Amino acid sequence: MSVDIEETGNNPLENARIKALAYYDILQAPVFSCDSGLYIEGLSTHEQPGVHIRRVGGRELSDEQMVAYYSGLAARFGGKVRARYRNAICLVTNYQTIYEHDGEDIASEEFFITSIPHQQRIKGFPLDSLSVHCKTNKYYLDLEDDSRVGKYDPPQTNGFRRFFERIIEG
């Protein structure tokens, strides 16, 4: 079953709640949803992509349009700019019991968006070709597999785990 849920929230937590409640309506069973927003250092509140990472100026961007837009934005800041994803989670167990969280402990680590795109692209994830690890100054796409996936445990993973532990423990 495919369901399109309109994400009309203004931030990751609102969108996570919208999706969790919509799926709870359909399934009538506990469900959780996550959402993310991109926040870039130095941009005004009005300019922040937030949950509208792919929508700029009222239009939906293709992968290549996103690479062009965000690399141009990094060029405005001298070739690279610090960014991070802020994440949110919402668990609906019933209409009266809803748990939510959007703290720093589930945000991504800071990274650079660069003006020079990596030659590799991952369909559906265009910003991966612009994302550079702050500590190593390497594109995430060039980090060893263990550094990106698998054995690598991003800091926010513990935050998500603690969210569920707090709920289970009461």
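A short reminder: the numbers here are calculations on the coordinates, not readings from a lab. All values reported here derive from a predicted model rather than from experimental measurement. So basically every Cβ, Gly included, is an ideal-geometry build from the backbone, and we count neighbours across all protein chains shown.
Descriptive notes on the structure:
- Evaluated with a Cβ-only charge set (Lys, Arg +1; Asp, Glu -1), the chain carries a dipole of roughly 400 debye about its Cα centre, given to the nearest 20.
- Centre-to-centre separation between the Cα atoms of region 27-53 and those of region 59-131: 9 Å.
- In region 81-132, taking the dipole from charged Cβ atoms about the Cα centre, the farthest positive-side position among Phe125, Ile98, Phe111 is held by Phe125.
- Rounded to the nearest 500, the helix-only mean residue ellipticity at 222 nm of the chain stands at -9000 deg cm²/dmol, with each DSSP H run of n ≥ 4 adding -39,500 (n - 2.57).
- Anchor Lys80: aspartates and glutamates whose Cα lies under 13 Å away (excluding residues fewer than 8 positions away in-chain): Glu41, Glu110
- Whole-number D in µm²/s for region 75-150 (Stokes-Einstein; Kirkwood sum over Cα pairs; 37 °C, 0.692 mPa s): 226
- A dipole drawn for region 25-90 from +1 and -1 charges on Cβ atoms has a positive end, and of Pro49, Ser71, Leu61 the residue lying farthest that way is Ser71.
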